[in-house]
Amino acid sequence: MNGGTSMPARTVALVTGGGRGIGRAAALALAEAGHDVAVVSRSAHEIEAVAEQLATLGVSSLAVPVDLTDPDAIAEMVKRVSVELGPPLILVNNAGAAESHKFEGHPDELWERMLAINLTGPYLVTKACAPAMLARGWGRVINIGSVASLTGNRYIAAYTAGKHGLLGLTRALAAEWAQRGITVNLVAPGYVATAMTDASVANIMQRTGRMADEALSAITAMSPQRRLVSPEEVAAVVRLLASEAAGSINGAVIAVDGGASAIAGTG
Ligand code: NDP
C-alpha cells in the first residue's frame, strides 16, 4: 500500500516525555486507539502514574526512567522497551525543554542543553527504534516540534534552532524512508496549557512585573483564537498520524496553533 506492509495487530508506541503535558495526553490517546504504550522521562513518579492509568485502558504499558540527553541511557531504554513490551513501531518524540535567554551573553551550556534535548535526543531515539521499523516495513515517527520549528522569535535562539533542526530531521527521514512503509511527520503546536507554558507565564511575570492574568494574556494574544491549545488537541493529531489511515501523510508539518503560523495580523 504505502511501500511497506500494514500495521501489525498490536503495536507498541513509545512516547518520550510521556509523564505530563502533551506527552501524557498523547500516550492516553494512543492507548485509547488500542496500542501498548511505553512512557519515558526523568521523573519516575510521573511516568509510573501515567503507566498505571494506561493499564486501566486495557493495554500493556511500561514506564522507563531515562535522561534523554544521555546516549547510552537512550540505547538501554529502547532495548528494555523492546524486550519487555515489544519493539516500538510508533515513536512520539515529544520530550523537550524551552529555556530562553537573549543572544548577548548566551551561555554555551544552554545552547548545548537545548540542542541535546530538542534535537539530538529525537535523533538518537529514532536511530535506536529504526531497525525494528525497517525490518517490519511499517513505522510512524511523530516529532513534536513547535511554531518555533517554522518561525523565529526573540530570546529563544537555542530552542528555535533545535526545533527547526527537528523539522529538518523530519523531512530528511521522510524522504529516506518514503518507500519503506515508515512515515515521519512533525506536529507544530502553539502555546499549550502545560507546565511549560506555566513556566513561560512565570518568566514574563518575573521579567516585566506583570500579574499572572496579564502575562497569560500576552501569550494568548499570539494566537488568533486568543486561547491556549489543549494537550488533547495535540494528542488527537498524534493519534491520527499514528493510524493506518494516515499512511500518505509524510514529511508534513501539522500546525496546532489556532492559526498563529498561518494568519497575518493577529495583533
Ligand atoms: P512539559 O514540560 O510539560 O513536559 C516535557 C516532558 O519532557 C516532560 O515529561 C519531561 O520530563 C520531559 N523531558 C524534558 N527533559 C527531559 C530529559 N532530559 N530526559 C527525559 N525527558 C525529558 O512540556 P509540554 O508537554 O508542554 O511539551 C512537550 C513538547 O511539546 C516539547 O517538545 C515542547 O517543546 C513542545 N511544545 C510545547 C509547547 C507549549 O506551549 N507547552 C508549544 C510548542 C511545542 P522530566 O522533566 O521529568 O524529564
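The values are calculated or read from the model by the stated rules, or taken from the named source; none is laboratory data. Here the structure is a predicted model, which means the values were calculated and not measured. Here Cβ is always computed from backbone atoms with ideal geometry, including for glycine, and neighbour counts include all displayed protein chains. Keep in mind that these areas ignore ligands, DNA and RNA; they rest on the heavy atoms of the full protein, side chains included. Shrake-Rupley method; radii C 1.70, N 1.55, O 1.52, S 1.80 Å.
Overview of values
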| item | result |
| --- | --- |
| Residue match in the stretch 98-107 (condition: within 15 Å of the ligand (Cβ to nearest atom), surrounded by 24 or more Cβ atoms within 10 Å (Cβ to Cβ) and among the hydrophobic types (A, V, I, L, M, F, W, C)) | no |
| Ile117 being open to solvent by 20 Å² or more (accessible area, probe 1.4 Å), in a helix (DSSP H, G or I) and within 14 Å of the ligand (Cβ to nearest atom) | yes |
| Tally of residues being within 12 Å of the ligand (Cβ to nearest atom) and of a type in the set (A, V, I, L, M, F, W, C) across the stretch 39-82 | 13 |
| Looking only at the stretch 83-96, and only at residues there that are touching a residue at least 12 places away in the same chain (Cβ under 8 Å) and open to solvent by 30 Å² or more (accessible area, probe 1.4 Å), the one that is farthest from the ligand (Cβ to nearest atom) | Pro87 |
| Hey, Gly105 farther than 21 Å from Thr194 by Cβ, assigned to a loop (DSSP other than H, G, I, E, B) and touching a Lys or Arg at 6+ places or on another chain (Cβ under 8 Å) or not | no |
| Within the stretch 237-258, tally of residues that are within 16 Å of the chain's Cα centre (by Cα), open to solvent by 20 Å² or more (accessible area, probe 1.4 Å) and charged (D, E, K, R) | 1 |
| Residue match in the stretch 144-155 (condition: open to solvent by 70 Å² or more (accessible area, probe 1.4 Å) and in a helix (DSSP H, G or I)) | no |
| Residue list for the stretch 46-72, filter: over 17 Å from Ala26 (Cβ atoms), touching a residue at least 24 places away in the same chain (Cβ under 8 Å) and not in a loop (DSSP other than H, G, I, E, B) | Pro65, Pro71 |
| The stretch 41-79, residues that are hydrophobic (A, V, I, L, M, F, W, C) and open to solvent by 60 Å² or more (accessible area, probe 1.4 Å) | Leu57 |
| Residue match in the stretch 3-24 (condition: within 14 Å of the ligand (Cβ to nearest atom), loosely packed, with under 15 Cβ neighbours inside 10 Å and either part of a loop (DSSP other than H, G, I, E, B) or not basic (Lys, Arg) (or both)) | no |
| Residue in the stretch 170-203 that is surrounded by the most Cβ atoms within 10 Å (Cβ to Cβ), counting only those that are over 20 Å from Thr151 (Cα atoms) and within 13 Å of the ligand (Cβ to nearest atom) | Thr194 |
